[in-house]
Every structure is written in structure tokens, then in C-alpha cells.
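Undergrad: Have a look at this one.
The values are calculated or read from the model by the stated rules, or taken from the named source; none is laboratory data. The shown structure was predicted, so the numbers you read here are calculated from the model rather than taken from an experiment. In this analysis, Cβ positions are derived from the backbone assuming ideal geometry, glycine residues included, and neighbour counts consider all displayed protein chains. Each accessible area value is taken on the protein alone, full model and side chains, heavy atoms only, with ligands, DNA and RNA left out. Shrake-Rupley method; radii C 1.70, N 1.55, O 1.52, S 1.80 Å.
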Amino acid sequence: MGARTRRALRAFGRTLRDLPARWRRSLQFRVVSVTMVLSLGVAVGLGYFIAQRVADGILSTRIDAAKEQANAGFQSAVQDFKSLDPSIDTGVLAMTVSRSLCRSSTLFQVVVILEKDQAAISPVACNSLAPYSVPGDLESKVHGAASGQAYYEFATVDYDKPQGKVDAVVYGQRVAASNSGVDLTADIYYFFPLSQDEQNLQLVELSLVIAGLILVLALVGIAWFVSRQVVSPVRMAAGIAERLAAGRLEERMRVRGEDDLASLANSFNKMAANLQNQIRRLEELSRVQRRFVSDVSHELRTPLTTVRMAADLIHEARDDFDPVVSRSAELLQNQLDRFEELLADLLEISRFDAGAAILDAEPVDLRALVQRVVDSCAPLAERKGSPVVVEAPGEPCVAEVDARRIDRVMRNLIVNAIEHGEGREVLVKVAVADDAVAVAVRDHGVGLRPGESSLVFNRFWRADPARARTTGGTGLGLAIALEDARLHHGWLQAWGEPGGGSQFRLTVPRNTRVELLRSPIPLEPEDSSHRLRRRHTSDEQAAQPAVTRPRTILDPAASTRPGALRGNGTSAGSPGGQDAAAIDRATVSSAPSITGFGDGDLRGDVRGDVHGGEGGGSGGGSGND
């Protein structure tokens with residue numbers, strides 16, 4: 001029994017805890033709850049008003065009836081005093097009169113206090129009433145009043161067992177009579193018990209309570225039924241909308257009747273039908289476009305192969321031509337290389353669009369993969385004057401990835417960082433966590449202006465359309481890299497700020513069956529402007545917490561020079577390794593640009609806290625190469 005009671009109490013506690021959530025989620029619950037509370041308030045108020053009116057009516061009727069019976073009794077007492085022998089004992093005379101008055105009814109009792117020749121006797125009561133139950137105030141009023149003046153008062157009087165104390169209305173009057181020359185004066189009190197009236201009132205109150213509860217339950221049931229008629233179509237529409245969002249475009253609402261809800265269902269069905277038709281048209285258009293790109297790409301392979309063979313012959317014989325024709329042969333060879341890359345990228349994009357991309361995952365140590373890509377990009381880095389530094393942990397950074405695709409992603413990111421790094425150092429950082437491996441590519445080039453980070457992964461997007469491409473980029477590299485990251489269930493994110501460079505971060509799960517929750521590398525680098533400002537402010541406050549020191553604005557050309565900061569927190573070209581945190585707030589031109597792609601967001605940062613961005617992930621390079 002104890003265990004059953006505890007289970008019931010726990011269930012009741014859970015129900016109480018769920019009430020706020022249910023109140024927020026359920027419109028029907030709110031309607032029914034409000035109806036119940038309001039109905040209960042109305043029922044209580046109405047019941048109280050009716051009970052008061054009934055009680056006043058019963059009491060008024062009882063007082064009027066008691067007054068009539070008391071007046072009749074007072075007159076009867078005068079007649080009894082005149083008819084009885086005045087010579088008998090005064091106590092016997094008083095007892096005889098009280099019994100005569102009580103004999104006519106059992107609904108009241110009488111107390112007689114008789115005075116004969118100005119000598120009073122003890123009170124005499126009939127039935128089971130205690131003789132000394134007369135209220136003192138009423139007795140004083142009656143005793144001091146003239147004969148024939150009646151008074152009444154509510155009091156609690158004592159009865160012999162089993163009644164005990166009972167509420168009653170007491171009428172009192174002084175009567176006088178003269179019999180055979182003997183003056184008789186008596187104070188007569190009529191006691192009318194209210195027990196029966198109280199029982200009747202309790203019965204009325206109980207009936208009102210039961211009727212009120214029935215009324216409240218009936219109103220709650222009506223509110224539940226009516227609200228269900230309204231809420232059910234809304235719930236149905238919400239469910240169908242969710243299924244439409246999930247791709248089940250054939251879902252429709254049932255239409256019943258011709259009322260407002262039926263009009264809502266018709267409008268919803270028309271909207272769903274138009275949406276389905278539009279989506280189908282867009283899907284068909286997209287399918288035609290993808291097929292067109294795929295067909296054109298395949299069809300171009302044959303003539304491109306022929307042109308390539310001819311161009312190779314011309315390029316090999318360019319030394320036999322005059323300088324103008326020789327230069328044209330070199331340009332033709334370079335442009336054919338770019339054309340082949342563009343054609344290969346178009347074919348790869350078409351495979352992603354068609355859902356035909358396949359992930360060939362195997363355990364790969366990303367440290368070795370990144371080092372191979374960096375070594376292959378060494379000639380470009382040397383030509384651009386941007387040294388590439390790799391930071392990797394001593395432990396293996398193994399993850400189940402498609403080595404070919406990750407190699408392509410890293411090659412694209414590192415080449416972009418070198419080309420857009422303005423001849424400054426490029427840092428490639430590798431880190432590993434329990435469930436993820438991340439690679440971040442940091443450059444100190446032109447960075448991204450606010451708003452550009454949301455466009456950097458778009459196909460054929462370039463930050464500066466007039467800027468010449470010198471390394472043969474096709475404009476699809478970052479778009480393909482993003483699709484490769486998504487294929488691994490990973491993230492490709494970027495951060496950038498004007499003049500402060502950019503950082504691209506690739507995060508992949510170590511196991512393809514594990515959901516990616518966080519990245520071991522923060523998205524915003526440690527040498528970003530706002531982190532340096534915050535560190536500088538913290539250092540100043542720690543050094544002089546109570547002193548406001550005037551700011552020292554450094555040379556903007558020196559303090560905001562991209563690439564001047566290194567991992568050890570010193571300025572690359574300043575004497576004595578001046579603290580990079582000394583960069584003043586006034587030298588920063590605008591906020592960083594931050595965007596995230598590939599199902600990830602800023603929660604992936606283990607220790608990064610990003611400010612001033614839009615969206616959740618990355619920015620970096622000046623174009624989509």
C-alpha cells in the first residue's frame with residue numbers, strides 16, 4: 001500500500017511539473033483551463049449569492065413566524081394569569097403558565113419569571129430548556145421596559161442532552177395582569193430553535209455546491225468539445241505542414257462542410273497544391289539543368305581531347321615559331337589546362353547534384369595527408385612568397401575519411417590561402433579530439449568584408465570580379481569542398497575580417513557513424529583583432545584596476561598590418577617582440593565576417609567565442625577558386 005501511494009504521489013508530481021509545458025504547447029488545454037477557472041469563479045459567486053438570499057429568506061420567515069407565535073403566547077399568558085387562582089404558590093403558578101404556553105407547540109420553549117406583589121421568583125422553563133438560558137442583555141431590556149413592549153435577540157442557548165447548545169431566536173415581553181386584587185407581573189421569553197432552519201440551509205448549500213460542480217464540469221466538457229472542433233483542424237494542418245516540409249507533397253486536409261474551417265482546409269489544400277506544382281517545376285528545371293551540364297561536360301570531352309592533342313603538338317613546337325606565335329601557344333596551353341579543370345569540376349558538381357557521389361572511407365592520418373598537400377603546394381608558396389607552416393600534435397589524427405576528397409579539400413584551402421595571403425605566412429593547424437579531427441588553414445591576407453562570408457561557398461563567386469586569376473582557379477573549388485565535407489557528415493566553416501586575413505576550418509568525425517558535435521579547433525583564431533583588444537583590456541584592468549590611463553594609439557600601418565602577429569603573441573617585425581595585444585581599438589575598421597556551412601554552427605568551438613558575425617561559421621580567401 002505504501003509503494004502504491006508513493007507511485008501515485010510521484011505520478012501526481014510529474015503531472016504538476018508537466019502543467020507549464022502543456023499550458024505552453026496546447027491551445028485546447030489553455031481554453032479548457034481558462035473555462036474551468038472562470039466557470040468555477042462564476043459558480044462560487046453565484047452560489048454564494050443564492051445561499052445568502054436563501055438564508056436571509058429563511059431567517060426572515062422564521063422571525064416573522066416567531067413574532068406571531070410569541071405575540072399570541074403573550075396574550076394567552078395574560079388570560080392564564082387572570083383565570084388562575086392567585087392564592088396558589090407563586091412557583092406553581094409560574095410552572096402552570098409555562099406549561100400552558102408550551103402545550104400548543106413543540107417548536108418553541110418558554111421561560112417565565114413571575115413577580116407577585118413585587119416579589120420575583122426564579123425562572124421557570126418548560127420542556128428541556130435550561131431555566132437560566134435567557135440572554136442577559138435581553139433580560140435587562142425586557143425587565144426595564146413597559147408592559148407590552150416586545151424585544152428579540154439571537155443567542156446560543158443550553159438544552160438538556162442530547163441537544164446541548166443550539167442557536168435560537170428569543171422573544172421577550174413583560175406582561176401584567178390583575179386577578180382578585182392581586183397584581184401579577186411576569187417576564188415571558190419565547191425560545192425558537194434554529195436547528196431545523198440550519199439543516200434546511202445546509203441542504204440548500206449542499207445542493208448549490210453539487211449543482212455548481214455539475215455546471216462547472218458541464219461547461220468544461222462543452223469547452224473541451226467546442227475547442228476540439230476548432231483545434232483539431234489546426235492540429236491536422238500543422239501535422240500536414242510538417243509532412244509537406246518532410247517532402248510528402250501529396251498530403252492534403254480533409255474538407256468537411258462549408259464553414260470557416262472548411263474554407264481554411266480548402267485554402268490550405270490550394271496552397272499545398274500550388275507549392276507541390278512549383279516544387280515539381282523547380283525540380284524538373286533543376287534536373288534539366290543538371291542533365292544539361294552533365295551532357296555538355298561529357299560531350300565536350302571528345303573535342304577537348306582533340307584540341308588538347310593539337311595544342312600539345314603546337315606547344316612542343318613553339319620554339320620554331322616567331323615570338324608572338326610562341327606566346328600564343330603558351331597561352332593556349334594554359335587556358336586548356338584551366339578548361340580541363342573547369343570541365344572536371346563541372347562533372348564533379350553534377351555528380352553531387354545527382355546524388356551519385358560515393359564516400360570511400362578508410363582510416364587516414366590527416367597529419368600525413370596535410371603534409372603531402374603542403375609539399376605539393378611548395379612551388380606555389382615559394383613563388384608567392386608565403387611560407388606554409390604546419391602545426392600538428394604528436395599523437396595520430398586518424399579519422400575514417402575518403403583520402404581523395406579530403407586531399408582535394410585541403411589542396412583547395414591551402415592554395416586559396418597562399419594566393420590570397422598577400423605574401424604572408426600561412427598556418428595550417430591539425431588537432432584531434434575524442435570524436436573529431438579538425439584542420440584549420442589561417443592566412444593573413446585581405447580577409448573578408450562583412451556580408452561576404454555568406455557568399456564565399458557559392459559557385460563561381462568572387463570577392464573582386466575584376467581581379468585576375470593567376471593560378472587557374474575555376475570558381476567551383478570551395479563549392480566542391482563544401483559538398484565533400486557534407487559527404488563526410490562534417491563541417492566546412494570560415495572566419496574572416498577586413499585586413500585581418502581569414503581562417504577556414506574543416507572538421508570531420510573520427511567515425512562516420514558518429515554525429516559531429518564540436519570541433520577541437522576554435523573557429524576564430526587567437527590573433528583576431530577583437531581577441532587581442534579584449535586581452536589588452538584585461539591586461540590593463542589587471543595592472544591598474546582603479547586608474548584610467550589614456551590610450552596609446554599605435555601606428556595604424558604597423559598595428560593593423562596583416563600577418564604581423566605570430567603564434568607566440570609578438571609582432572613579427574617590431575623590435576624586442578612588442579606585445580601584439582597592444583593593438584588599439586581605434587585601428588580596427590570593421591567587425592569580423594563569420595559564416596558556417598555543412599550542418600555545423602558555432603557550438604563546434606571547444607574554446608572559441610565568436611562575436612560580431614552573421615550565421616555560424618567561416619570566411620576566408622577572397623574568392624571561390
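Undergrad: If I stretch the segment between residue 339 and residue 258 completely, what's the gain in nm (0.36 nm per residue apart, minus their alpha carbon distance), one decimal?
TA: Here the segment from residue 339 to residue 258 would lengthen by 22.9 nm.
Undergrad: Another question, then. Between residue 332 and residue 395, with labels modelled 7 Å along Cα→Cβ, what's the label distance in nm to one decimal, could you check?
TA: With each label placed 7 Å out from Cα toward Cβ, I get 5.8 nm.
Undergrad: Measuring from centroid to centroid over Cα atoms, what is the spacing of segment 155-204 and segment 498-518 in Å?
TA: 96 Å
Undergrad: Another question, then. List the relative contact order of segment 494-539 as a percent without decimals, with contacts defined as Cα pairs under 8 Å and 6+ residues apart.
TA: 32 percent
Undergrad: Report the paramagnetic label zone for residue 50: residues of segment 208-224 whose backbone N is under 16 Å from a point 7 Å from Cα along the Cα-to-Cβ axis.
TA: Those under the cut-off are 208-219.
Undergrad: While we're here: Expressed in nm to one decimal, what extension gain is obtained for the pair residue 358 and residue 298 from 0.36 nm per residue of sequence separation less their Cα-Cα distance?
TA: Here the answer is 19.7 nm.
Undergrad: Between residue 209 and residue 149, how high is the FRET efficiency from 1/(1 + (r/R0)^6) when r is the Cβ-Cβ distance and R₀ = 41 Å? Nearest 0.05.
TA: The calculated FRET efficiency here is 0.45.
Undergrad: Moving on to the next point. From the phi angles alone, apply the Karplus equation (6.51, -1.76, 1.60; θ = phi - 60°) to segment 188-197 and give each ³J(HN,Hα) in whole Hz, x where the residue is Gly or Pro.
TA: 3J(HN,Hα) across segment 188-197, in whole Hz: 10, 10, 9, 10, 10, x, 9, 4, 5, 5.
Undergrad: Go ahead and run the numbers for FRET between residue 130 and residue 218, Cβ-Cβ distance against an R0 of 45 Å, rounding to 0.05.
TA: Step by step, r from the Cβ atoms, then E = 0.35.
Undergrad: Hey, another quick one. So how far apart, in nm, are the two label points at residue 38 and residue 89 if each is 7 Å from Cα heading toward Cβ?
TA: Here the modelled spin labels are 7.5 nm apart.
Undergrad: Tally Lys/Arg at +1 and Asp/Glu at -1 over every other residue whose Cβ is under 12 Å from the Cβ of residue 262; what's the total?
TA: -1
Undergrad: If you don't mind, another one. Under a Cβ-Cβ cut-off of 14 Å, what is the net charge of the residues other than residue 201 that fall near it, where Lys and Arg count +1 and Asp and Glu count -1?
TA: Neighbour charge sum, excluding residue 201 itself: -3.
Undergrad: For the full complex of protein chains and a 1.4 angstrom probe, list 16, 380 by accessible area with the highest value first.
TA: 16, 380
Undergrad: For segment 278-312, which trypsin sites (Lys or Arg not before Pro) are both in a DSSP coil and crowded by at most 15 other Cβ atoms within 10 Å?
TA: Answer in residue order: no site qualifies.
Undergrad: Taking the Cα centroid of segment 244-264 and of segment 365-412, what is the distance between the two, rounded to the nearest whole Å?
TA: After rounding, the separation between the Cα centres reads 54 Å.
Undergrad: Then there's this: Leaving out ligands and nucleic acids, and using a 1.4 Å probe, what accessible area per residue does segment 39-97 come to in Å²?
TA: That works out to 57 Å² for each residue.
Undergrad: May I ask you to list the aspartates and glutamates whose Cα is less than 15 Å away from that of residue 67, ignoring any residue fewer than eight positions away on the same chain?
TA: List returned: 153.
Undergrad: OK, next. What full-extension length gain, to one decimal in nm, is calculated for residue 284 and residue 107 as 0.36 nm per residue of separation minus the Cα-Cα distance?
TA: Working it through step by step, the gained length comes to 54.0 nm.
Undergrad: What residues have an amide H closer than 5 Å to that of residue 184, excluding those fewer than 5 places away on the same chain, when H is modeled at 1.01 Å from N in the peptide plane?
TA: The answer is 177, 178, 179.
Undergrad: List the GluC sites (Glu not before Pro) within segment 256-345 that fall in a DSSP loop (any state other than H, G, I, E or B) and whose Cβ has at most 14 other Cβ atoms within 10 Å.
TA: Qualifying residues, ordered by number: 258.
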